[in-house]
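The numbers here are math on the coordinates, done by the rules we state, and not lab data. Treat the numbers as computed from the prediction; the structure is a model and nothing was measured. All Cβ positions, glycine included, derive from the backbone under ideal geometry; neighbour counts span all protein chains shown.
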Amino acid sequence: MKVYTKTGDKGTTALIGGTRVPKFHIRVEAYGTVDELISYIGLIRSQDVDAHIIDTLHQIQICLMNIAAMLANDGSVTKISKITDEDIRILENEIDKYDKQIEPLQNFVLPGGHSIPAFCHIARCVCRRAERVILQLNAENPVDEKVLIYVNRLSDYLFTLARKLHKTLDIQEIFWFPQ
């Protein structure tokens, strides 16, 4: 199978199910932003972090691939993996666990101080953008509610992970103080 198909040379792409849409279609923007997020999660996974974090990030990438497939589906394909309550619960459990290990938040955090937590913050920002695009799509075509919840929770996980990694790496967090 060739990487290039030439079918998109005129600015359209095929959704799962075969429907062709412009490459700037909101559905393509939604799953494309999720794809970008998957890559940033891979960047974090490739850093020197503990095995549990690597495993959790791998599971997150699988969930995000499922979300991308759900978003890319034109509605005609019914056999697409879904996000489950358990997927959401895993994120919540990780957030709760890390929250107990870090100081309560008093100020906004400025990303920096070390590349690994900074990568988490970049992924968090991409996650928030993905959420906004998915919500925009949802306003036109309903999206599974669990997708909306998962992506919202994932940005919280990435923020908490960044804070936990600062503590693990013994790097002082940088806080923003209004001037």
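Can you give the relative contact order of the range 1-84 as a percent, counting alpha carbon pairs under 8 Å and 6+ residues apart?
Relative contact order comes out at 34 percent.
In whole percent, what relative contact order does the range 124-163 give with Cα contacts below 8 Å and a gap of six or more residues?
58
Using just the Cα positions, wrap the range 1-78 in a convex hull and report its mean projected area in square nanometres, one decimal place.
6.4
Calculate, for residue 50 and residue 99, the FRET efficiency according to 1/(1 + (r/R0)^6) with r their C-beta to C-beta distance and R0 25 Å; round to the nearest 0.05.
It comes out at approximately 0.90.
Could you work out the helix-only [θ] at 222 nm for the chain, with each DSSP H run of four or more residues adding -39,500 (n - 2.57) and the total divided by the number of residues, to the nearest 500 deg cm²/dmol?
Helix contribution divided over all residues of the chain: -21000 deg cm²/dmol.
Output the 0 to 90 degree angle, nearest 10, between the alpha-carbon long axis of helix 115-140 and the longest principal axis computed from the alpha carbons of the chain.
40
Give the span of the range 99-165's Cα atoms along each principal axis, as three whole-Å numbers ordered largest to smallest.
Principal-axis extents of the Cα atoms in the range 99-165, largest first: 40, 23, 18 Å.
Spin-label point model (7 Å from Cα, Cβ direction): what's the residue 92 to residue 14 distance in nm?
Reported label-point gap for residue 92 and residue 14 is 4.0 nm.
In percent, what relative contact order does the chain have, based on Cα pairs under 8 Å that are 6 or more apart in sequence?
Here the relative contact order equals 26 percent.
How would 169, 57, 161 line up from fewest to most surrounding beta-carbon atoms within 10 angstrom?
Final ranking by Cβ density, sparse to dense: 169, 57, 161.
Just to confirm the filter: which chymotrypsin sites (Phe, Trp or Tyr not before Pro) across the range 1-108 are DSSP coil and have at most 15 other Cβ within 10 angstrom of their Cβ?
Passing both the DSSP loop test and the Cβ count: 4, 24.
Which of these values of mean projected area of the Cα convex hull in nm² was calculated from the structure shown: (i) 12.7; (ii) 9.4; (iii) 13.5?
Only one option fits the structure, namely (i).
Nearest 10 degrees, 0 to 90: what angle lies between the long axis of helix 145-168 and the longest principal axis of the chain (Cα atoms)?
30
Which percent of Cα pairs goes in each bin when the distances of the range 137-179 are cut into 10 angstrom slices starting at zero?
Going out from 0 Å in 10 Å bins, the range 137-179 shows 23, 30, 24, 19, 4 percent.
Could you compute the FRET efficiency for residue 4 and residue 81, with r as their C-beta to C-beta distance and R0 at 22 Å, rounded to 0.05?
The computed FRET efficiency comes out at 0.20.
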